[in-house]
Amino acid sequence: MTAAVLEVENLRMEFRAPRNAGGRRVQAVRDVSLEVQEGEILGLVGETGSGKTTVGKCVVRLLRPTAGSIRFMGEDITAMPSSQLRPLRSRIQMVFQDPYSSLDPRMTVSQIVAEPLRAHGTHSRREAAGLVRRTVERVGLSQQVLDRYPNELSGGQRQRVGLARALVLEPRLLIADEPVSALDVSVRAGILNLLVDLQRTMGFSCLFITHDLSVAEFLCDRVAVMYLGEIVEVGTRDEVFGAARHPYTRSLLGAAPLADPVEQRSRQRAILPGEPPSAIDPPPGCSLNPRCPLADRRCTEEAPGPTQVSEGGHVVRCHRVQEQLDLEVARS
Ligand SMILES: Nc1ncnc2c1ncn2[C@@H]1O[C@H](COP(=O)(O)OP(=O)(O)OP(=O)(O)O)[C@@H](O)[C@H]1O
Ligand SMILES: [Mg+2]
């Protein structure tokens, strides 16, 4: 049994909507539980607005969750005061989507990469300079960039700088939030391959946030699928990409939902109708029910709990899948 580096339980994050949107509450994350095991890459996938970034920001404590708990290396960090959090901060790092806005334009590359060391405050100047040089090299940049400013670098180079900053303290957990989606397609593969290499050699665990399924399939050991602030399916890469059960996951993959009577009819309609509902007014029952071809009355009234598809941890939240599984068990 491997150890969990990160355990998120029943995480909930509400924002107050802007006044022009009525000042109501936005339920960005409604109920998220997940684990990232030692040395694994867990993908968090889902459409825009499903709450992926909010989960990441709660984990690095850029946001304080409304409810739920976050454990890092077995320690509850949900409400830990900043003074206590400080030594742990270096162990969880985040890489952001936009390498243009996430790097301070007034700082040189060496200052940017040295920043976490400075904040951590345990390295001498010389040690810090050495670490910065080694880390810059590790992410595939030449020493010549050390004195450059972000605006003198390409998008791919900037994201490598962002990675170097995140990795300079050798974190145990890296939260990578869409690290390649703002980049030119031609440089994406280079960054993803680099991330895989670094993860193998440095051994950190990674929560990799993306809306791009092909990226998740390339990179991740396990994948969690989010819809409207909840995880609707989680499993290994093979389970999610080869044997998805949830109608939402299946629609993302362009496959028809699985259900004996309905399957024939819905085969043409792999794409779910409509748009995801707003996080201000999530529907009662299963959050997918207004768009789901399999939804019946129960789906509109009662939120589905987790159903285990396999022993290995393939879990789905769907009444209809649960019924199908019960049927399969009864038939066998
Ligand atoms: N600071 C905030 N104040 C109010 N609402 C917010 C705030 N941050 C996020 N939200 C809302 O919370 C929901 C989830 O947002 P989040 O950014 O976590 O989604 P996401 O899955 O990362 O989307 P994307 O793929 O576009 O990055 C959205 O409805 C968003 O508008
Ligand atoms: Mg996001």
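The values are calculated or read from the model by the stated rules, or taken from the named source; none is laboratory data. Keep in mind it's a predicted model, so treat the numbers as computed, not measured. Cβ sites come from the backbone with ideal geometry, for glycine too, and all protein chains shown count toward neighbours.
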So, in the stretch 171-199, of the ones that are touching a Phe, Trp or Tyr at 6+ places or on another chain (Cβ under 6 Å) and under 15 Å from D212 (Cβ atoms), which residue ends up surrounded by the fewest Cβ atoms within 10 Å (Cβ to Cβ)? D177
In the stretch 166-181, the residues that are in contact with a strand residue (DSSP E or B) (Cβ under 6 Å, 6 or more places away or on another chain) and away from ligand 1 (no atom under 13 Å from the Cβ): A166, P171, R172, L173, L174
Among R158, R118, R148, R125, which is basic (K, R) and within 28 Å of G51 (Cβ to Cβ)? R158
So, S50, is that one modelled with pLDDT of 90 or more, assigned to a loop (DSSP other than H, G, I, E, B), at negative phi and small (G, A, S) or not? yes
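Give, as residue ranges, the strands (runs of 3 or more DSSP E) completely inside the stretch 136-237 that count at least 3 residues that are modelled with pLDDT of 95 or more and away from ligand 2 (no atom under 16 Å from the Cβ). Show your work before the answer.
Details: elements: 173-177, 205-210, 222-227, 230-236.
Answer list for the stretch 136-237: 230-236.
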For the stretch 32-53, indicate whether the set of residues that are crowded, with 16+ Cβ neighbours inside 10 Å and farther than 30 Å from N193 by Cβ is non-empty. yes
Of the residues L294, L288, which is surrounded by 17 or more Cβ atoms within 10 Å (Cβ to Cβ) and touching a Pro at 6+ places or on another chain (Cβ under 6 Å)? L294
I'd like to know if the stretch 7-21 contains one or more residues that are buried (at least 18 other Cβ atoms within 10 Å of the Cβ), in a helix (DSSP H, G or I) and either under 16 Å from the mean Cα position of the chain (by Cα) or within 16 Å of ligand 2 (Cβ to nearest atom) (or both). no
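Among the candidates S102, S90, S124, S110, which residue alone is within 16 Å of ligand 2 (Cβ to nearest atom) and in the same structural domain as V8 (by TED's automatic domain parsing)? Full working, then the answer.
On the way: S90 fails: within 16 Å of ligand 2 (Cβ to nearest atom); S124 fails: within 16 Å of ligand 2 (Cβ to nearest atom); S110 fails: within 16 Å of ligand 2 (Cβ to nearest atom).
Going through S102, S90, S124, S110 in turn, just one is within 16 Å of ligand 2 (Cβ to nearest atom) and in the same structural domain as V8 (by TED's automatic domain parsing): S102.
Could we say that R125 is of a type outside the set (D, E) and within 21 Å of the chain's Cα centre (by Cα) here? Steps first, answer last, please.
Numbers: of a type outside the set (D, E): yes; within 21 Å of the chain's Cα centre (by Cα): no.
Judged against the criteria, R125 is not a match.
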Hey, Q84 hits all of (1) at positive phi; (2) without any contact (Cβ under 8 Å) to a residue 40 or more places away in the chain; (3) of a type outside the set (F, W, Y) but one; which does it fall short on? (1)
Residue check, L63 against (1) within 16 Å of ligand 2 (Cβ to nearest atom); (2) modelled with pLDDT of 95 or more, all met but one. Which one? (2)
The listed residue being under 30 Å from P247 (Cβ atoms), modelled with pLDDT of 95 or more, more than 16 Å from ligand 2 (Cβ to nearest atom) and not in a helix (DSSP H, G or I), out of G43, G68: G68
Please indicate, with yes or no, whether at least one residue in the stretch 289-300 is at pLDDT 95 or above and β-branched (V, I, T). yes
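Condition first: assigned to a strand (DSSP E or B), touching a residue at least 40 places away in the same chain (Cβ under 8 Å), under 22 Å from E311 (Cβ atoms) and not β-branched (V, I, T). Now tell me which residues in the stretch 22-40 satisfy that.
First, the residues of the stretch 22-40 that are assigned to a strand (DSSP E or B): 25-37.
In the following step, the residues that additionally are touching a residue at least 40 places away in the same chain (Cβ under 8 Å) were identified as 25-34, 36-37.
Imposing the further condition that a residue be under 22 Å from E311 (Cβ atoms) reduces the set to 33-34, 36-37.
Result: S33, L34, Q37.
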Within the stretch 257-273, is there a residue that is under 26 Å from I175 (Cβ atoms) and either modelled with pLDDT of 95 or more or outside the structural domain of Q199 (by TED's automatic domain parsing) (or both)? no
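Picking from P87, P99, P116, which residue would you name as being assigned to a helix (DSSP H, G or I) and buried (at least 17 other Cβ atoms within 10 Å of the Cβ)?
Numbers: P87 fails: buried (at least 17 other Cβ atoms within 10 Å of the Cβ); P99 fails: assigned to a helix (DSSP H, G or I).
After ruling out the rest, the residue left standing is P116.
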Pairs please, first residue from the stretch 50-64 and farther than 13 Å from L207 by Cα, second anywhere and within 9 Å of ligand 2 (Cβ to nearest atom) and β-branched (V, I, T), Cβ atoms under 8 Å, 6+ apart in sequence or on different chains. L63/T54
